[in-house]
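The values are calculated or read from the model by the stated rules, or taken from the named source; none is laboratory data. Bear in mind the structure is a predicted one, so any value in this text is a computation, not a measurement. Here the Cβ positions follow ideal geometry from the backbone for every residue, glycine too, while neighbour counts run over all protein chains shown.
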Amino acid sequence: MIVIIDYGMGNLRSVQKAFERIKVSVKVSSSTEDIISADKLVLPGVGNFEKGMNNLKERSILGALNEAVLIKKKPILGICLGMQLMTEFSEEGNCEGLGWVSANTQKFVFQSDGLKIPHMGWNNLFIKNSDSFYEGVEQDSFFYFVHSYYVTCKDENNIISETSYGIKFDSSFRKDNVYGCQFHPEKSHDAGLLLLKNFALLTN
């Protein structure tokens, strides 16, 4: 069973529906028992980094998450804010994250090139490092983004794709059983559904 973690930060139903479209059984839950007993986990999210971290703490989810991910080594996919929360630190609120991946979350800052913030809409990926997460996904495939902050990995070996929007940023990463994507696979049509299927097929 894949558990989609409900910590009050949005878009749970759209992620659930995407998995259901590919005939994968999922459960939306904030229960620590469900998190620890799950086969895989998804940490979605839309909104503020500091609020996301506070919600995980206030709902007593943090301890169960660390046990499931760091000790039991369950595969977990962070989507958008969920990916950012996996980093060590965010400029949004000057707040420490989960620290599962050696990376920081930074704010887009553009001076005069006319690019709008948030980065919103379709953009392509450059798949940098081969990974089963991208099995069957073509180079330069387009995915849907909505974000004002971006992730920078400190270890290039953790980067599995990059995207350009004024600057080049890390649009997905992997460290062992921890996966993150800045884009929304649940809103990215066939390519996004393929990524979710690949995640569902991962073995521990």
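The figures follow:
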item	result
Within the range 1-60, strands (runs of 3 or more DSSP E) holding 1 or more residues that are at pLDDT below 95 and in contact with a Phe, Trp or Tyr (Cβ under 9 Å, 6 or more places away or on another chain)	none
Elements of type strands (runs of 3 or more DSSP E) contained in the range 103-167, each with 2 or more residues being closer than 25 Å to E50 by Cα and among the hydroxyl-bearing types (S, T, Y)	149-153, 159-165
Hits in the range 147-170 (condition: of a type outside the set (V, I, T) and in contact with a helix residue (DSSP H, G or I) (Cβ under 9 Å, 6 or more places away or on another chain))	H147, Y149, Y150, S161, D170
Candidate set: the range 192-202, residues that are under 23 Å from G121 (Cβ atoms) and more than 14 Å from the chain's Cα centre (by Cα); chosen: the one surrounded by the fewest Cβ atoms within 10 Å (Cβ to Cβ)	L193
Hits in the range 87-137 - residues which are in contact with a Gly (Cβ under 7 Å, 6 or more places away or on another chain) and surrounded by fewer than 14 Cβ atoms within 10 Å (Cβ to Cβ)	F110, D113, L115
Some residue of the range 65-86 being within 28 Å of F19 (Cβ to Cβ), part of a helix (DSSP H, G or I) and over 17 Å from the mean Cα position of the chain (by Cα)	yes
Those residues of the range 172-191 which are small (G, A, S) and either part of a loop (DSSP other than H, G, I, E, B) or buried (at least 23 other Cβ atoms within 10 Å of the Cβ) (or both), in sequence order	S172, G180, S188
Among the residues listed as S148, S164, S172, S141, the single one being hydroxyl-bearing (S, T, Y) and more than 17 Å from F126 (Cβ to Cβ)	S148
